[in-house]
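Trainee: Quick one: structure below, then a few questions.
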Amino acid sequence: AGRSPQVKAFVTQDIPFYHNLEMKHLPGADPELVLLSHQYEELERIPLSDMTREEINQLVQELGFYRKETPDAPVPEEFQFAPAKPLPTLPPPQAPTTGIKTPLKRDKGEHPDL
């Protein structure tokens with residue numbers, strides 16, 4: 001897998017400026033941005049191999065990641081959990097329709113006549 005110098009520059013020079021954005025190096029894997037919910041459920045994967053450093057910066061900012069002035073700068077209160085917000089492209093979560101019905105547990109005192 002070819003490594004893009006643009007992606008490498010983003011990883012080494014830009015990621016430290018973003019709040020809640022972290023790098024996990026997987027040897028041999030193509031670079032991709034993996035979006036997680038605040039429960040750490042995977043929401044989306046975006047391949048980065050063909051993108052320029054500028055495009056990746058624009059993408060993460062459009063996704064709502066907060067870019068600090070310096071890597072050590074404090075993050076304003078309203079951005080502490082950024083970009084944890086519902087993504088407009090995802091359908092609302094639905095209860096799983098498994099077809100398995102679980103019997104309701106009843107308290108013994110519920111039916112004194114039985």
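Trainee: What are the residues in region 1-37 that are touching a residue at least 40 places away in the same chain (Cβ under 8 Å), within 24 Å of GLU77 (Cα to Cα) and not small (Gly, Ala, Ser), if any?
Mentor: Result: ASP14, PRO16, PHE17, TYR18, HIS19, ASN20, LEU21, LEU35.
Trainee: Still on this structure, please answer the following. Under the condition of being of a type in the set (S, T, N, Q) and either assigned to a loop (DSSP other than H, G, I, E, B) or more than 25 Å from GLN80 (Cα to Cα) (or both), which residue from region 1-36 is modelled with the lowest pLDDT?
Mentor: Among those that are of a type in the set (S, T, N, Q) and either assigned to a loop (DSSP other than H, G, I, E, B) or more than 25 Å from GLN80 (Cα to Cα) (or both), it is SER4.
Trainee: Let me ask another. Within region 1-43, track down each residue that is aromatic (Phe, Trp, Tyr) and open to solvent by 50 Å² or more (accessible area, probe 1.4 Å).
Mentor: Answer for region 1-43, where residues must be aromatic (Phe, Trp, Tyr) and open to solvent by 50 Å² or more (accessible area, probe 1.4 Å): just TYR40.
Trainee: For the list (1) in a loop (DSSP other than H, G, I, E, B); (2) surrounded by 15 or more Cβ atoms within 10 Å (Cβ to Cβ); (3) at pLDDT 95 or above, I need the number of the one condition that THR70 fails.
Mentor: Of everything listed in (1) in a loop (DSSP other than H, G, I, E, B); (2) surrounded by 15 or more Cβ atoms within 10 Å (Cβ to Cβ); (3) at pLDDT 95 or above, THR70 misses just condition (2).
The values are calculated or read from the model by the stated rules, or taken from the named source; none is laboratory data. All values derive from a computational prediction rather than experimental measurement. Note that each Cβ is placed from the backbone with ideal geometry, even for glycine, and that neighbours are counted across all protein chains shown. The area values use the complete protein model at the heavy-atom level, side chains included, leaving out ligands, DNA and RNA. Shrake-Rupley method; radii C 1.70, N 1.55, O 1.52, S 1.80 Å.
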